[in-house]
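**Student:** Pasting in a structure now, in structure tokens, and then I'll have a few things to ask.
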Amino acid sequence: MRMGRVVWLLVLVCCLKAGIGAAWDGRRLPHQILLDTDVDTDDIFALLYLLKLNRSEFNLKAVTINANSWTNAGHSVNHVYDILYMMDRDDIPVGVGGEGGILPDGTILPNVGGYLPIIEQGNSTAGGCRYRQFIPLGQGGRLDRDTNYGIRRGFLPQGHRNYSPLRQPTSQQVMVDAISAGPITVFLIGYKSNPYAEFNIFEDPFAAYQVLHSGIPITLVPLEATNTIPITKEFFTAFGNSQATYEAQYCFQSLKMIRDTMFDNHFYTNYFMWDSFAAGVAVSIMRNKYNPLGENNEFAGMEYQNVTVITSNKPYGISDGSNPFFDNHATPKFNLQKGGVHSGHVQVGLQDPFCLVENGKGKCEDGYTKEVSGPDSVRVLVAKRAKPNRDNGSPLDREFFRSFLDVLNLPQQTGRFNFTTQFPYYKEILFRTDFSTEKFGIPVVFDMDMSAGDFLALIYLLKVPVKLIDLKAILVSGNGWANAATIDIIYDILHMMGRDDIPVGLGSLFAFDQPDPSFSTVGDCKYIKAIPHGNGGFLDSDTLFGLSRSLPRSPRRYTAENSVDFGAPKTTDHPELRQPLALEVWHSIAKAVEPGQKITILTNGPLTNLATILSDKNSSLLIQNVYIVGGHISDNKEKGNLFTIPSNKYAEFNMFLDPLAAKTVLDSDVNITLIPLSTQQKVTSFSAILKALQQTNKTPEAVLTRRLLSRLYHLQQKDERYRHMSIFLGEILGAVILANDHLLNPTIQVKPITLLATGDVSEDGQIVIDRNHGKLVNILDNLDPEAYYDHFSNLLGSKTQSAVIGSFYDQKRVWSRLNKTEAVEDSFSSEISFERRILDSPRLSRVMILILVLYPSLIIVTQLF
């Protein structure tokens, strides 16, 4: 599959009928630019190109983020903040998301978030992925874009701005403020069943149609034009030799990683200068004051065409259940014309039968920017081809190649530092706790989907004395409450707690039966669509409700580094940094356990990883017990917590997110203890747990926990969109029951249960008592809530197995002082003593000194070159 994404819409917005081009008032003012981006890697190239231009001529005033494409809102907004911080442009506002919706009658509320295409947008941020499902979730897709292939956290400095709930400006707010301030130019950048469309238009064809037909002068830089400027070997070599600035380094490292990980191994024929080329075309148009519409563009040949965007497929006027604008509406939504161009079949997914043609290419045209004539056409200026380099002797065969490298390497308006050079004494440190004198308890593997409650459960597990439980590994479900790139928060918490030795395995990104059968990296979102994209959902989970950047930064992180040994097309520069998969970590742990020893598994999310493990031969024989946080045993009285799916009244989220996997696990022969929703709800008092934490010692982990819980409680009280916060509080219970159930006076009942997994979302995930065919399962029915709150808070306040570095701010102090010994000591309790040993390591290929700083049960490993 080609990863090309490309049409920029360069929308020349003329506020207050001011006319196109720069504003004039007796003197020339700089062209003001607003960039709307989905923060794909090539968008980053364009952003940095624009930031490097002379601000007296071109001034980037604002950035807004399209959260319905290649990246996820929480990761992308912090990515942009860090780029702007590096470039010393914290003055530029950044907007993302919004909680406004569209009512059934077509009324558009303020601040629509842009998480969903207009055709799917209701009155919340939860919804389907009709178009977005064509974008891969994992490697080569959203995971790699969210992390910029793992380069982002290793390179970009972390600034002072970050996403914060209810404080983050929305895209509409930033866009309206920027446009209202005066004339501005707005840059909108953003399978076999559909061979015509291009990603940026396909992600929301109806929105693209409305922009095209709005009357705003538009320049298109289509796929046909960007296909004429592929990355060449000569350009790549020249770029590698032209990295005089941090921004050039960041772009080249990103481009190199894309080259090294492209699965079809056709980088030089399949990767193009997409959005950066379009930025150059736009800048050339604006620069030419005597020819503002840009026929004589220095980077591209231009011509006018009559085009439209196809939003539905002929025959028009049908009603087949595919078109929410018309189906079940007496009056079409937005008063669209019956039988008009929007009234046909709308592609519903990857394997839409309407779109598939046997032994031929697909026939659907949704998102196709098509040259047409007649009343539905719009005359636009279109880039046709990239112009050759005017220097015939240059190895760079395109004029824009020369401009791109020259601009990125300008010494003016350059990046101030990267992550490591912003601190004069930066060192990578890995913490490995020394438990050599301890006797280990039961081996435990924690399977989590990275919700807020899961992170609190993880902190608790890390505090439990190793003589009780030995946390062997963490498995991550990528089809739950957070996107896969949030795995970096796990690494940061482990680093904070001195446990960089614990492996983290990335599991499936799809529920069972959701990946596309012909291309498994893409698939449907039948169940995960129940999770909101905005407030209280992915946006907050991916950022730990705005607290993730206060955590100490771990040297470990997700990277796209890979090896041919694991099926990659080539081995990258640092294959040792490859992100292991969940099943690989499981096999490693299973192989390492002592003879006769078995593993206990705690699951806090969808059961996809566990079901996959159980499908592996003999895995169940290695499992002692399974504790499942989730499920709601329906008695048709108490409802479940699936608040975004009104038709399903009795399911619980973890079971609903992958009902087939849940059924596989519950029907298996492993010994299961279920911690159902009804029991979780007995320990969801924010006031009680916060009171207990207030009275305990202020260890870094207790402070972090209290900050997070206080934020959840505040949000729940302040805004209706956060009414469900207590479900995260209940998720801690499984960890406490596993490790210290005897302290809570638990009551266990054994009941025969069956989980429904019929494919009907109105009942999938529901658990019923089935005395004839159900499996007998241990069910936690009751416990002592007060004992629970007291135990949880007291353990987090204990100085045993406490954090070794409290926060990112502590790290900054360490990295900013000459006397590292003094600085490290200051970041811990003054009661902790330490000694330092310096050893030589002859096995390393370059001179390295290892410093082992020994605290009680702590080894710090750092590299000095």
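**Student:** Going down the list LYS663/LYS751; LYS52/LYS427; LYS663/LYS775; LYS314/LYS526; LYS472/LYS598, which pairs span over 20 Å between their C-alpha atoms? Show your work: numbers first, answer last.
**Tutor:** On the way: LYS663/LYS751 16 Å; LYS52/LYS427 30 Å; LYS663/LYS775 11 Å; LYS314/LYS526 27 Å; LYS472/LYS598 12 Å.
Correct reply: LYS52/LYS427; LYS314/LYS526.
**Student:** Under 5 Å between amide hydrogens, which residues at least 5 positions from ASP470 or on another chain qualify, with H placed 1.01 Å from N in the peptide plane?
**Tutor:** Answer set, sorted by chain and number: GLY441, ILE442, VAL444.
**Student:** If packing is taken as the average number of other Cβ atoms within 10 Å across a peptide's residues, how do 566-577, 711-722 rank, most packed first?
**Tutor:** Sorting 566-577, 711-722 by mean packing, highest first, produces 711-722, 566-577.
**Student:** Here is a follow-up. Among rounded, prolate and oblate, which fits region 533-609 when a ≥ b ≥ c are the square roots of the eigenvalues of its C-alpha gyration tensor, a/c under 1.5 means rounded, and a/b larger than b/c means prolate?
**Tutor:** Numbers: a/c = 2.05, a/b = 1.21, b/c = 1.69.
Cα axes put region 533-609 in the oblate bin.
**Student:** Let me know the Rg and Dmax you get for region 481-546 when you use only its Cα atoms, in Å.
**Tutor:** Reported Rg and Dmax, both Å: 14.5, 43.
**Student:** Next up: How many nm is it between the label spots at GLN749 and SER373, if each spot is 7 Å from the Cα in line with the beta carbon?
**Tutor:** The modelled label-to-label distance comes out at 7.6 nm.
**Student:** Helix-only estimate, please: 222 nm mean residue ellipticity of the chain, summing -39500 (n - 2.57) across DSSP H runs of length 4 or more and dividing by its residues, to the nearest 500. Before the final figure, lay out each step's value.
**Tutor:** Values: 28 runs with 242 residues, N = 865.
Using -39500 (n - 2.57) per qualifying helix, the result is -8000 deg cm²/dmol.
**Student:** So if I place +1 on the C-beta of Lys and Arg and -1 on the C-beta of Asp and Glu, and nothing else carries charge, what would the dipole magnitude of region 233-328 be about its Cα centre? I want it in debye, nearest 20.
**Tutor:** Around 200 debye, computed over region 233-328.
**Student:** Here's another thing I want to ask about it. Hey, rough spin-label estimate for THR437 and ASN772, points 7 angstrom out along Cα→Cβ, what's it come to in nanometres?
**Tutor:** That separation, rounded to one decimal, is 6.2 nm.
**Student:** How much FRET efficiency would the formula 1/(1 + (r/R0)^6) give for LYS649 and ASP760, where r is the Cβ-Cβ distance and R0 is 22 Å, rounded to 0.05?
**Tutor:** Once rounded, the FRET efficiency stands at 0.95.
**Student:** For region 295-393, build the charge dipole from Cβ charges (+1 Lys, Arg; -1 Asp, Glu) around the Cα centre, then report which of GLY344, HIS329, SER373 sits farthest towards its positive end.
**Tutor:** Sorting the options by dipole projection puts first SER373.
**Student:** Treating the beta-carbon of each Lys and Arg as +1 and of each Asp and Glu as -1, no other charges, what is the dipole magnitude of region 497-614 about its Cα centre, to the nearest 20 debye?
**Tutor:** 240
**Student:** On to the next question. Quick check for you: which residues of region 98-113 have the amide N under 16 Å from the point 7 Å beyond the Cα of ASN335 toward its beta carbon?
**Tutor:** Once the point is set 7 Å along Cα→Cβ of ASN335, 105-108 turn out to lie under 16 Å by backbone N, inside region 98-113.
**Student:** Ranked highest first by average number of other Cβ atoms within 10 Å, how do 69-75, 227-233 line up?
**Tutor:** Going by the mean number of other Cβ atoms within 10 Å, highest first, we get 69-75, 227-233.
**Student:** Follow-up. Could you list which residues have their amide H under 5 Å from that of THR64, counting only those 5 or more apart in sequence or on another chain, with H placed in the peptide plane?
**Tutor:** When sequence neighbours closer than 5 places are left aside, the close amide H contacts are LEU35, ASP36, THR37, GLY95.
**Student:** Whole-Hz Karplus ³J(HN,Hα) for region 716-729, in order, using 6.51 cos²θ - 1.76 cosθ + 1.60 and θ = phi - 60°, x for Gly and Pro?
**Tutor:** 4, 6, 8, 9, 4, 5, 10, 5, 8, 4, 5, 5, 6, 4
**Student:** Moving to a separate point now. Could you tell me whether the chain comes out rounded, prolate or oblate from its Cα gyration tensor? Rule is a ≥ b ≥ c as square roots of the eigenvalues, rounded for a/c under 1.5, then prolate if a/b exceeds b/c, otherwise oblate.
**Tutor:** Oblate is the answer for the chain, as a/c is 1.5 or above yet b/c matches or exceeds a/b.
**Student:** I would also like to ask the following. Antiparallel as a % of all DSSP beta bridges within the chain, to the nearest 5?
**Tutor:** The antiparallel proportion sits near 55 percent.
**Student:** Related question: Between GLN413 and HIS724, what is the spin-label point distance in nm, taking each point 7 Å from the Cα along the Cα→C-beta axis?
**Tutor:** Computed distance between label sites GLN413 and HIS724 equals 4.3 nm.
**Student:** Between region 163-183 and region 726-743, what is the C-alpha centre distance in whole Å?
**Tutor:** Centre-to-centre (Cα) distance: 41 Å.
**Student:** Something else about it: Length gain on complete extension for the stretch ASP741 to GLN249, per 0.36 nm per residue less the alpha carbon to alpha carbon distance?
**Tutor:** 171.8 nm
**Student:** Can you tell me the FRET efficiency between ASN241 and GLU786 if r is taken as the Cβ-Cβ distance and R0 is 51 Å, rounded to the nearest 0.05?
**Tutor:** Efficiency computed from Cβ-Cβ geometry: 0.15.
**Student:** Which shape class, rounded, prolate or oblate, goes with region 395-537 when its Cα gyration tensor gives a ≥ b ≥ c as root eigenvalues, a/c under 1.5 marks rounded, and past that a/b bigger than b/c marks prolate?
**Tutor:** oblate
**Student:** If you roll a 1.4 angstrom probe over the protein chains with everything in place, what fraction of the accessible area of the chain belongs to carbon and sulfur, to the nearest %?
**Tutor:** On the way: 16950 of 33840 Å².
The nonpolar share, carbon plus sulfur, comes to 50 percent.
**Student:** I need the peptides 741-749, 48-56, 535-543 ranked by packing, meaning the mean over residues of other C-beta atoms within 10 angstrom, with the highest value on top.
**Tutor:** Taking the mean over residues of other Cβ atoms within 10 Å, the ranking is 535-543, 48-56, 741-749.
**Student:** Near the amide H of ALA126, under 5 Å away, which other amide H atoms are found, from residues 5 or more places off or on another chain, if H is placed in the peptide plane?
**Tutor:** HN-HN under 5 Å from ALA126: HIS533.
**Student:** Sticking with this structure for a sec: Please give the per residue accessible area of the chain, computed with a probe of 1.4 Å over protein heavy atoms only, in Å².
**Tutor:** Ligands and nucleic acids excluded, the figure is 39 Å² per residue.
**Student:** Moving to a separate point now. Just add up the charged neighbours of PHE235: K/R +1, D/E -1, any other residue whose Cβ is under 10 Å from the Cβ of PHE235.
**Tutor:** Neighbour charge sum, excluding PHE235 itself: +1.
**Student:** Taking R0 as 25 Å, what FRET efficiency do you get between GLN210 and GLU303 from their Cβ-Cβ distance, rounded to the nearest 0.05? Don't skip to the answer; put the middle values down first.
**Tutor:** Values: r = 24 Å, r/R0 = 0.97.
After rounding to 0.05, the efficiency reads 0.55.
**Student:** Test of understanding: what is the full-extension gain from LYS233 to LYS384, defined as 0.36 nm times their sequence separation minus their Cα-Cα distance?
**Tutor:** Length gained, LYS233 through LYS384: 52.0 nm.
The values are calculated or read from the model by the stated rules, or taken from the named source; none is laboratory data. Just so you know, these numbers come straight off a predicted model, no measurement behind them. Please note: Cβ atoms are built from the backbone with ideal geometry, for glycine as well, and neighbour counts cover all protein chains shown. Remember, those area values only see protein heavy atoms, side chains included, never the ligands or the DNA or RNA. Shrake-Rupley method; radii C 1.70, N 1.55, O 1.52, S 1.80 Å.
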